[in-house]
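Undergrad: Handing you a structure now.
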2 protein chains.
Amino acid sequence: MSKQLPVVQCCSPLARDPLSEVQAVELAKLFKAMADPVRLRLLSLIASHAGGEACVCDLTDAFDLTGPTISHHLKVLRESGLITGERRGTWVYYRVHPEVLARLSAVLVPGDAIVPA
Amino acid sequence: MSKQLPVVQCCSPLARDPLSEVQAVELAKLFKAMADPVRLRLLSLIASHAGGEACVCDLTDAFDLTGPTISHHLKVLRESGLITGERRGTWVYYRVHPEVLARLSAVLVPGDAIVPA
DNA sequence: TCCTTGAATAGATGTTTGTCTAAACAGACT
DNA sequence: AGTCTGTTTAGACAAACATCTATTCAAGGA
């Protein structure tokens, strides 16, 4: 549906070793994608939806925003690698990439360094 | 040193239940605070520093940025509740609030809902 | 083929944000 | 007091961003 960014290769937990500049830039992109209430709710709606996927029509109804605005936010999430979209007939369905969330989660707490994917 | 925001009360994991608007706004503030490479490195430098704290002088040296800019980023992190600063004599020392990171981490992965603080 | 509906793109606009310089504030030491 | 060093505040400015309207693209059904 659109360009796939590589899944985060980053990092040992924040509190273990200082982040390199490159790692920080990489991570910041992901956090920036989540740094908006609408995008967080989109992510949550998709992730918690039955079957692990939701169509744009479902998502649009949940907000008091125009279609293009929702579409813009979905694009940001897509380009950050957090979700993917797939057209099936009339509708486009989105689902999250749980590994990306898991890696992000692991960076935040002290614990084992991330093993290579 | 400055106003303390309440530690995030938020939430069940993203993928369990759809985030409410209020929860999303709350969480987005935290993610926004981390959505910058400089702030992520600051956070990591502080968290990984010996003794769990670092003074501003250490932090400033690690970047090619002016003092006021670093101070600005520290303020953003402070006001988000991720760190606290304390003046001891000449220097100001910062340390992270690990609980906030832990809660944030827990929101990202499927698992148990957060128990009240 | 044309029309209808779902979704994305293009372009415009007001707001937020990261950075800087200049100035103020806080301690410590003469 | 006066001065030095470390840190924060104030104000300015360009770049990034969230939102909108108008338009285009995609797939189905008449």
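The values are calculated or read from the model by the stated rules, or taken from the named source; none is laboratory data. Fair warning: this is a prediction, and the values are worked out from it, not measured in the lab. Methodologically, a virtual Cβ is constructed for each residue, glycine included, from the backbone with ideal geometry; neighbour enumeration extends over all protein chains shown.
Undergrad: Please determine, by comparing only the residues of the stretch A:8-49 that are more than 25 Å from B:Asp64 (Cβ to Cβ) and of a type in the set (Lys, Arg), which one is nearest to DNA strand C (Cβ to nearest atom).
TA: A:Arg39
Undergrad: Under the condition of being among the basic types (Lys, Arg) and surrounded by fewer than 17 Cβ atoms within 10 Å (Cβ to Cβ), which residue from the stretch B:76-106 is farthest from the chain's Cα centre (by Cα)? Give the derivation first.
TA: Of the stretch B:76-106, the ones among the basic types (Lys, Arg) are B:78, B:87-88, B:95, B:103.
Now narrow it down to the ones that are surrounded by fewer than 17 Cβ atoms within 10 Å (Cβ to Cβ): B:87-88, B:95.
Values: B:Arg87: 18, B:Arg88: 21, B:Arg95: 9 Å.
It comes out as B:Arg88.
Undergrad: Which of the numbered conditions does B:Glu53 fail, given that it passes all the others? Conditions: (1) farther than 22 Å from A:Gln23 by Cα; (2) away from DNA strand C (no atom under 16 Å from the Cβ).
TA: For B:Glu53, the failing item is (1).
Okay, residues lined up against (1) within 16 Å of DNA strand C (Cβ to nearest atom); (2) aromatic (Phe, Trp, Tyr); (3) at pLDDT 95 or above; (4) out of contact with any Ser or Thr (no Cβ under 8 Å at 6 or more places or on another chain):
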residue	(1), (2), (3), (4)
B:Arg78	yes, no, yes, no
B:Glu86	yes, no, yes, yes
B:Val92	yes, no, yes, yes
B:Val115	no, no, no, yes
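Undergrad: Then there's this: Checking A:Thr60 against (1) more than 9 Å from DNA strand D (Cβ to nearest atom); (2) touching a residue at least 12 places away in the same chain (Cβ under 8 Å), which single condition isn't satisfied?
TA: (2)
Undergrad: Continuing with this model, one more query. Applying the selection to the stretch B:17-27, what residues are of a type in the set (A, V, I, L, M, F, W, C) and within 8 Å of chain A (Cβ to nearest Cβ)?
TA: Keep residues of the stretch B:17-27 that are of a type in the set (A, V, I, L, M, F, W, C), which gives B:19, B:22, B:24-25, B:27.
Selection gives B:Leu19, B:Ala24, B:Val25, B:Leu27.
Undergrad: Also, quick follow-up: If you check every pair at least six apart or on different chains, which have Cβ atoms under 9 Å apart with a residue in the stretch A:66-77 that is in contact (Cβ under 8 Å) with a residue 60 or more places away in the chain first and a residue that is more than 6 Å from DNA strand C (Cβ to nearest atom) second?
TA: Partner pairs satisfying both residue conditions: A:Lys75/A:Ser2.
Undergrad: Can you find a residue in the stretch B:94-102 that is free of Cβ contacts under 8 Å to residues at least 24 places away in the same chain and within 16 Å of DNA strand D (Cβ to nearest atom)?
TA: no
Undergrad: Residues B:Val56, B:Val22: which one is of a type in the set (Val, Ile, Thr) and more than 18 Å from the chain's Cα centre (by Cα)? Explain how you work it out, then say what you get.
TA: Numbers: B:Val56 fails: more than 18 Å from the chain's Cα centre (by Cα).
Unique residue meeting the criteria: B:Val22.
Undergrad: From B:Leu45, B:Leu30, grab the single residue that is within 12 Å of chain A (Cβ to nearest Cβ), surrounded by fewer than 22 Cβ atoms within 10 Å (Cβ to Cβ) and not hydroxyl-bearing (Ser, Thr, Tyr). Working first, answer last.
TA: Values: B:Leu30 fails: surrounded by fewer than 22 Cβ atoms within 10 Å (Cβ to Cβ).
Going through B:Leu45, B:Leu30 in turn, just one is within 12 Å of chain A (Cβ to nearest Cβ), surrounded by fewer than 22 Cβ atoms within 10 Å (Cβ to Cβ) and not hydroxyl-bearing (Ser, Thr, Tyr): B:Leu45.
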